[in-house]
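Working notes, beginning with the structure itself.
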Amino acid sequence: METDRLIASEPGPELESDTMFINMGPQHPSTHGVLRLGLTLSGEVIKRAAPDVGYLHRGTEKLMETRSWSQCVVLTDRWDYCSAMTSNLAFSLAVEKLLGAEAPPRAQALRVIMCELNRIASHLIFLGTYGIDIGALTPFLYAFREREMILDLYERCCGARLTYNYIRPGGVAADVDEGWIAKCREFLEYLKPRLDEYDALLSFNPIFLARTRDIGLISAETAVHWGLSGPNLRGSGVAYDVRKAEPYCGYENYDFEVPVGRTGSCWDRYFCRVQEMRQSARIVAAALASLPPGELRTKAVPRVVKPAAGEAYAHVEASRGDLGILAVSDGGAAPFRVHVKAPCFINLAILQEILVGKKVADVVAVMGSIDIVLGEVDR
Amino acid sequence: MGIILDKAPMIARPIPGGQVLLTTADYFIDLGRKYSVWPLTFGLACCAIEMMVAYAGRFDFDRLGVIPRPSPRQADLLLIAGTVTKKMAGPIQEIYHQMPEPRFVISMGSCANCGGPYFDSYSVVKGVDRIIPVDVYIPGCPPRPEALIYGVLELQKKITRMKLAKGGGATHQQEKGSRDLAGSNA
Amino acid sequence: MKTPATREAAAAALLERCSDARLAEPGVKNYLTVRLASPKDLLAAARLLKGELGFGYLEMITAVDWLGPMKLEGLVSSRNPNPFTDKLPGPPVPPAAGAGAPYRPVLDLLWSFGNLRDGVKVFLRLEVPRDHPEVPSLAGEFAAADWQEREVYDLLGVRFAGHPNLTKILTPDFINGHPLRKDYAHEKDSYDGD
Amino acid sequence: MNGPAAPAVKRTGIMLSATRYWPTEIWKSPWSLPRYRAGAAWLAGILLGICAVGAAAGELSAWGGRLLALLESTGLPAYATAWIWLLFKLACVIGVIVANGLWAVWWERKISAHMQSRFGPMYAGGFHGWAQTIFDTIKLLLKEDVTPAAADRVMHALAPVIAIAPCVMAFAPVLFGTDLAAANLDIGVLYVFAFAGVSVIGVVMAGWASGNKYSLLGGLRAAAQIVSYELPRGFSVVPVLMFAGSLDLAVIDRAQAGYWLGFLPRWFIFYPVVGQLSFLFFLIASVAETNRTPFDIPEAESELVAGFHTEFSGMKWSLFFLTEYGYVLLSSFLLAVFFLGGGAAPLPGLGFIPSWIWMTGKAMLMMFVFLWFRWTFPRLRVDQLMDFNWKFLLPWCFANIGLAGLILYLLGTR
């Protein structure tokens, strides 16, 4: 059976008599989707953790080889479905690099606004579900109430709540008007006091601190060694953010700081995301203030996209890490090969190392702080 | 309790007032089941986020008495929210069979209905009704939370049509197609 | 690129260290791409990058199958008849061969190393034959390689020698063959129905 | 596309706020909303109505006395009347527990909903879903009774019974008003804590017998937690016993009658430092006893799926639920009797309202605190919970007892 294969094939220490193999199986309230974690426990302490993924593997990289370039944008939404805008952006940047095209300035500003709003929405989901993992059931409701306002803004502008298909190769799909900008500013004003409220409710709650401070410590070397990215890497003290290292879409002319943790504990990663929400609000406010007029789609990207044979790699700072798309074209109407460098897939692998020696309750705290979305892990 | 309920129709038929007793019993039993549909905390893909939003403050599922339960033993609704892959098909069938009768299945989103955007993928089951019987299908990718609530309302209508005489009891039933309520669509 | 120095220094060091590696001209659009000659000097290049040049951040491992346009047997389609029109959907059209595409029966492996201090990226390429590709595993040097190599093995069938646990990671157990290969033909199983 | 032309969409800001839920309309204060004032008026009306009914009914213990006299006068043999009277009292206690089960579940869902800016059950049975728990019970009664193959059938069926039986028996000496108790035992407190500790056997049996690793972990955690929190729960009540001078709940209740300086009631919670400390320790220990957040590690939803009652469905599972809310009710009544002067009116002028109204009111206040804890605190880890008990709560309980002795010696109140 599946578990015997895992036990037999893993070259773990020979099984002491008192260990117990427990399945934090595909259906578990706190695995954020369909991840199976094979834990070998002795008492409450974990001897070995073997994450088993693939329960949501839909083979989108294979499907993209039979769809035209613009049809693939739809499939990109379903990877990290908590922040679909950044997946659209990464794919569109890769195609634009292949074609050597550049989105018009208004489209670039709109892309920045939408991606940062999506980062706030995605971190609000994290805030809610992480609260539930640690046992506080109420922040989930408050975080989703705020997220509803962002979804209203998205629905007003691009029609969808979760899978937008808004950022396309060559520009963006729809424009925003005065009403939308006024509502967006109103939301940003509304969000600031809410974030301070969450800090009081959850971030500095003594029990929450007891459960997350110096739990699941990841040193800077281990984080780089395991190839983590995004808030997980910055939580360990490595200040690497793609928006600062390789700016795209005009990020260089917005000023924002990159929050960096100190010890790499669950709380550092959690608080990096909370601070990132504040920084994203600053970026959106700045982008709204300097929204240039102009058309939304560049003429360089034709309706039927047939880029010359070649390869292009574009990567963006998605909410969960450094999302990279390698787009390979053989000159045909369909992509020859698209590879997704999925940050969640790589961030998840570190569970094998940092869960050893922890307690069962810490598994939930550590896995929640890594913040994985199974759509992007399995693609 | 389940056994008695299944024998109730046979006992009630010969008694003169038995039919009236049976229908009123049906009414109250279905009313109880209708207002307390407890789904399983079980999300697969993007539809799971819309399901979570349906539980959250704005589209409050709790208004209908719908509370997510972590264990399949206490759940009577399996809400398939997301893409059913072949690797996940086995566990889904196992969870379905762990749930006590009377159990219902809602297939949420076009991935669960018919494979959706992955209609030609090598690793996706083209629709969850290939592996378990489904009571309500909700179109959309992902469906809006209002559509999910409308789906649960449809399920509630279906529950109110359940009759003790037609398998409305709670004894374990062999593998069956989608709940055969055709006879009760009066 | 902020610091061209590190890029050129890395390229120079790599070229003279690995015997007959050469700069891949078309390469990955506006990134430095070095094509290695044979699997033997992959480990040396990786250790060099990680050691002296400070590229200690392995970002991505992937592979491209350059056999030719994709075969449609790899997909199992349940084309539901569209209820809004009465005409049935035609058979799926296989993607046409692109003009000027370098098709060759080879698996083109790609590694991406990052230098976090300077924000610079270097790509390593290596071509291996399609029948039984064998490449040394970097799992010893970079723990990030562990799962990505298992994924490349699972989806494209490249064996990584020295990998601690080279088993399937994404596809279900009963799917044999490597789906992302262009000539992958999917055998129908119980879930595919008619 | 044929069909009517799409309506011209008004793309201005109003469209967004008019049609959509937009919580930025922050009111100056809730009282400015007519709906809020109407709700408050409704609530005040209901409370005054209850007090009026109470005042009209008077002391229930008096009614009890008349009923007993009526029973004696029927001329049945002595043992028959004793049995009937005992069954009547038993029926009352079980009735209170079941009614509390229905009321507390609905109340918790409504409180948690309104705390989380949502509505909670609204449509089950009309106004604010009052019949929600009744419908839940009907459904749970009719669920298939699943016993997992790996489970030990007898223990699996016996576990919920062993969990709820001690809860019902523990209610015997509990006061529902001045000398309104099923049985007035002079060792009331000892009896209650003795029986409250027995149901941990049912929990561990449930964990072990259902053959599921998660429930095994949940059961073992429950054993560790409930047993170790028995101690602070018992010791935090010792100062109250020292001040009241007896274990009998009725004596403790009478010891808190009267007022200092005319207005401050002589409740044990108002004793200088000792009262507040022992109230706090007893509250924390009771929350831990009833496995509620922040101590709900036995059925920690996010870790152990559903803890020890993972494999229970239908009626068996709802017995566990009834046990949990039974112990919450028991703890609330104990808190009211020990610290809030059960039955005594807070101000001298309010004596006309009978004691059982005050007692139930205080118990409901304490139950609100229990429910409030659940939706605000995160969950402690197993070892942190044990450290908190053995290294913090218990030593402070002993210190508190010492302080009580000192105050008793100094004031010589006895």
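The values are calculated or read from the model by the stated rules, or taken from the named source; none is laboratory data. The structure presented is a predicted model; accordingly, all values stated were derived computationally and were not measured. Here Cβ is always computed from backbone atoms with ideal geometry, including for glycine, and neighbour counts include all displayed protein chains.
Points to keep in mind about this one:
- All helices (runs of 4 or more DSSP H) inside segment A:77-165 with 2 or more residues being without any contact (Cβ under 8 Å) to a residue 24 or more places away in the chain: A:138-158
- Looking only at segment A:168-214, and only at residues there that are of a type in the set (Phe, Trp, Tyr) and facing chain D (nearest Cβ under 10 Å), the one that is farthest from residue A:273 (Cα to Cα): A:180
- Identity of the residue in segment A:152-167, out of contact with any Leu (no Cβ under 7 Å at 6 or more places or on another chain) and facing another protein chain (nearest Cβ under 8 Å), that ends up surrounded by the fewest Cβ atoms within 10 Å (Cβ to Cβ): A:163
- One residue stands out among those in segment A:1-55 that are of a type in the set (S, T, N, Q) and not in a loop (DSSP other than H, G, I, E, B): the one that is modelled with the lowest pLDDT, which is A:9.
- Any chance residue A:58 is on the phi < 0 side of the Ramachandran plot and either more than 20 Å from the chain's Cα centre (by Cα) or at pLDDT below 80 (or both): no
- Filter result for residue A:255 (within 30 Å of residue A:295 (Cα to Cα) and not in a helix (DSSP H, G or I)): yes
- One residue stands out among those in segment A:301-332 that are over 19 Å from residue C:62 (Cβ atoms) and facing chain C (nearest Cβ under 7 Å): the one that is surrounded by the fewest Cβ atoms within 10 Å (Cβ to Cβ), which is A:331.
- Residue in segment D:104-111 that is closer than 19 Å to residue D:365 by Cβ, modelled with pLDDT of 90 or more, surrounded by 11 or more Cβ atoms within 10 Å (Cβ to Cβ) and more than 14 Å from chain B (Cβ to nearest Cβ) present: yes
- Enumeration of residues in segment B:74-119 that are within 21 Å of residue B:29 (Cβ to Cβ) and more than 14 Å from the chain's Cα centre (by Cα): none
- All positions within segment B:105-153 that are part of a helix (DSSP H, G or I) and within 14 Å of chain C (Cβ to nearest Cβ): B:110, B:111, B:112, B:113, B:114, B:116, B:117, B:118, B:128, B:129, B:130
So that you can scan it fast, the table gives a plain yes or no per residue for (1) within 22 Å of residue C:157 (Cα to Cα); (2) surrounded by 19 or more Cβ atoms within 10 Å (Cβ to Cβ); (3) touching a residue at least 24 places away in the same chain (Cβ under 8 Å); (4) of a type in the set (Val, Ile, Thr):
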| residue | (1), (2), (3), (4) |
| --- | --- |
| C:86 | no, no, no, no |
| C:90 | no, no, no, no |
| C:95 | no, yes, yes, no |
| C:102 | yes, no, yes, no |
| C:105 | yes, no, yes, no |
| C:108 | yes, yes, yes, no |
| C:113 | no, yes, yes, no |
| C:120 | no, yes, yes, yes |
| C:125 | yes, no, yes, no |
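- Of all residues in segment C:45-56, none satisfies being closer than 15 Å to residue C:126 by Cβ and part of a loop (DSSP other than H, G, I, E, B).
- Elements of type helices (runs of 4 or more DSSP H) contained in segment B:16-101, each with 2 or more residues being more than 9 Å from chain D (Cβ to nearest Cβ), out of contact with any Lys or Arg (no Cβ under 8 Å at 6 or more places or on another chain) and not hydrophobic (A, V, I, L, M, F, W, C): B:18-34, B:86-98
- Scope segment C:43-52; condition over 16 Å from residue C:144 (Cα atoms) and surrounded by 18 or more Cβ atoms within 10 Å (Cβ to Cβ); matching residues: C:45
- Each residue in segment B:92-109 was checked for being farther than 19 Å from residue B:51 by Cα, touching a Gly at 6+ places or on another chain (Cβ under 7 Å) and at pLDDT 90 or above, and 0 pass.
- Candidate set: segment C:86-110, residues that are part of a strand (DSSP E or B) and out of contact with any Asp or Glu (no Cβ under 6 Å at 6 or more places or on another chain); chosen: the one nearest to the other protein chains (Cβ to nearest Cβ): C:110
- The single condition among (1) within 30 Å of residue A:239 (Cα to Cα); (2) buried (at least 23 other Cβ atoms within 10 Å of the Cβ) that residue C:170 does not meet is (1).
- Per-region count, segment A:226-245, residues buried (at least 20 other Cβ atoms within 10 Å of the Cβ) and either at the interface with chain C (Cβ under 10 Å from one of its Cβ atoms) or more than 18 Å from the chain's Cα centre (by Cα) (or both): 10
- Residue in segment A:366-376 that is facing another protein chain (nearest Cβ under 10 Å) and under 30 Å from residue C:66 (Cβ atoms) present: yes
- In segment D:139-164, the residues that are part of a helix (DSSP H, G or I), within 11 Å of chain B (Cβ to nearest Cβ) and surrounded by fewer than 19 Cβ atoms within 10 Å (Cβ to Cβ): D:141
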